[in-house]
1. Going through region 220-239 one residue at a time, which ones are in contact with an Asp or Glu (Cβ under 8 Å, 6 or more places away or on another chain) and either within 11 Å of ligand 2 (Cβ to nearest atom) or over 28 Å from I363 (Cβ atoms) (or both)?
2. Just need a number here: residues in region 210-246 that are in a loop (DSSP other than H, G, I, E, B), aliphatic (A, V, I, L, M) and within 9 Å of ligand 1 (Cβ to nearest atom).
3. Mind checking which pairs have a first residue in region 64-86 that is touching a residue at least 40 places away in the same chain (Cβ under 8 Å) and a second that is in a helix (DSSP H, G or I) and among the small types (G, A, S), Cβ under 6 Å, 6 or more apart or different chains?
4. Within region 240-261, identify whether any single residue is farther than 29 Å from S80 by Cα and either assigned by TED's automatic domain parsing to the domain that holds I105 or more than 16 Å from ligand 2 (Cβ to nearest atom) (or both), and answer yes or no.
5. Quick one: which residue in L287, L249, L307 is farther than 25 Å from A33 by Cβ, in contact (Cβ under 8 Å) with a residue 24 or more places away in the chain and within 16 Å of ligand 1 (Cβ to nearest atom)?
6. Quickly run through region 313-338 and pick out the residues that are closer than 23 Å to H269 by Cβ, in contact with a strand residue (DSSP E or B) (Cβ under 9 Å, 6 or more places away or on another chain) and not in a helix (DSSP H, G or I).
7. Tally up the residues in region 314-357 that are polar (S, T, N, Q), under 22 Å from the mean Cα position of the chain (by Cα) and under 18 Å from G211 (Cβ atoms), please.
8. Check region 182-194 and report whether any residue there is touching a Gly at 6+ places or on another chain (Cβ under 9 Å) and of a type outside the set (S, T, Y).
Amino acid sequence: MASNLLVMRAISIFHKKYRWMDDHQEMSDLILASGHSEITSLSFKKIQNKNYLPQTKMEQLKDLLEQYQVNTIIFNEALSVKHVQKLVQGLERDDIIILDKPMLILQIFALKANSKEIQLQIKLAEIKYVIPRMRQELGVTLHTDKQARERGTGESLADIMKSDFKSRISDMEKQLEAFQNASAHVSRVLTFPVLGFYSVGKTTLFNILTGSSRETDSQAFTTMFLKSSWSKLLGFPVEIVDTVGIVDLPAMIIDSFSMMLRRIFSSPHLIICADTAMDLQFFTDQLDGLANYYSKFAHSGLKYRILFVLTKCDNLSELKFNEYRQLLTNLIMQGKFPCEQFEIMGARSDRPKYVQQTFVAKIEKLLEGELLELDFLDLTPSESSKIHDFANVRSEVWVGDTASIKSIIPIQTFNEHLAALQTKLDPKCYRRWEILRDELNRSESPNYFEGSIEDPVIKSDPDS
Ligand SMILES: Nc1nc2c(ncn2[C@@H]2O[C@H](COP(=O)(O)OP(=O)(O)OP(=O)(O)O)[C@@H](O)[C@H]2O)c(=O)[nH]1
Ligand SMILES: [Mg+2]
């Protein structure tokens, strides 16, 4: 998308102490996606009180701005208003555009926003990010010009701004809620949102699992809105939801997307992707970031079952893959992702059938206890075809024009579809289902950590 727009030249400033940015890759991704081109970059280690940048770096930056005739600089972290003021003073120029990481990300979101709901979320995030900065700025101005403090009503300008913003925020939140309510639906099938940092391969996985052809791209934030599609790989339908990439952002900005995030986390079944094309440090940071979102938005009453997918493992040796897998397992064992059950698998886009087969095996394990084995007797052809629509049919025997079917069905789907077919259920199964349902209603099963791990080395290659 950025290629259709005027590309703005910019110098990036890289604070090396900032843990996330050790390899500079994220910064470059974001700069590109925001429609800027990175002319050159400058790095520094320690923030300096006077000008924010150390003096030698400040001089270097001035020269670079002059040399490249550029007036935009982009920082790899969040800057306070004070930092910005110091920089402007130090650079002795008032035409400088200073972007920090949150502002850059909001610009990307704004560029790619393709629905009213997303646009509203971005506006809200912008206002929330700007408010504390404006207050500080107003505080500075008003302090030097006390006359400006009073308007006709005797209110301070800062108060007027504050209450205006407050009412705008509350209006926007109401509008957002209306959007969310309109799009909310209670899913009658198992839903699996695919979560993960941007560009980790969420949409690629979504396409493999659902047979869709959604756009994938190496540029950050290719996907900007949720999209569901059915997967029938398991025999019974499950809904897979492709989501917007997660990124490390200040809490107040994340909050603006909280309604969308809460909706994602309302499913107790999650697919969490982590990119193995990144080095181990970045991989760990990714998982820490995801765990932050998880602890913030996971619903306390839900017992999550999580399928962790280590993406892009086509570029890894088995040894390296095991390191990533072990790291993830350790984090889970430390309680970073409290859940009822988890599974781990590797994924690679060049082996779609392998990914599909592994997904089926893993989900069947993950859903243990949530799947019912049900047998039906004396089915008419139309009843039989109905069962094919919502159950994994393991065997089907026809005698004349009636069929017997052995099937697997998720508990969640059972009530919805079987009311009409209860009379066809084998009485033994019906009894089992009743007992299980009573047990489920009574039990308060404790959290436990149990998982099994998929070996990414393809023993027999279904794709070849
Ligand atoms: N080598 C390799 N590349 C992959 C794999 N999966 C995805 N990619 C590439 O990674 C890039 C990002 O993939 P997407 O599927 O768009 O990632 P995403 O997580 O949906 O990204 P956003 O929507 O931007 O958050 C694309 O260029 C893909 O071709 C993989 O298994 N191996
Ligand atoms: Mg995507």
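The values are calculated or read from the model by the stated rules, or taken from the named source; none is laboratory data. All values derive from a computational prediction rather than experimental measurement. Counting neighbours? That spans all protein chains shown, and the Cβs are built from the backbone with ideal geometry, glycine included.
1. A220, T222, T223, F225, L226, K227 - these are the residues of region 220-239 that are in contact with an Asp or Glu (Cβ under 8 Å, 6 or more places away or on another chain) and either within 11 Å of ligand 2 (Cβ to nearest atom) or over 28 Å from I363 (Cβ atoms) (or both).
2. Here is the first cut: in region 210-246, the residues in a loop (DSSP other than H, G, I, E, B) are 211-226, 232-237, 243-245.
Filter once more, so that each one left must be aliphatic (A, V, I, L, M): 220, 224, 226, 233-234, 244.
Remaining after also requiring within 9 Å of ligand 1 (Cβ to nearest atom): 220, 224, 244.
Total satisfying the criteria: 3.
3. No pair meets every condition.
4. At the first step, the residues of region 240-261 found to be farther than 29 Å from S80 by Cα are 240-243.
Those still in the list that are either assigned by TED's automatic domain parsing to the domain that holds I105 or more than 16 Å from ligand 2 (Cβ to nearest atom) (or both) too: none.
So far as region 240-261 goes, no, none of its residues is farther than 29 Å from S80 by Cα and either assigned by TED's automatic domain parsing to the domain that holds I105 or more than 16 Å from ligand 2 (Cβ to nearest atom) (or both).
5. Details: L287 fails: farther than 25 Å from A33 by Cβ; L249 fails: farther than 25 Å from A33 by Cβ.
Step by step, each of L287, L249, L307 is checked, and only L307 is farther than 25 Å from A33 by Cβ, in contact (Cβ under 8 Å) with a residue 24 or more places away in the chain and within 16 Å of ligand 1 (Cβ to nearest atom).
6. F337, the sole residue that qualifies.
7. So the answer is 2.
8. Step one: of region 182-194, the residues touching a Gly at 6+ places or on another chain (Cβ under 9 Å) are none.
Checking region 182-194: not a single residue is touching a Gly at 6+ places or on another chain (Cβ under 9 Å) and of a type outside the set (S, T, Y).
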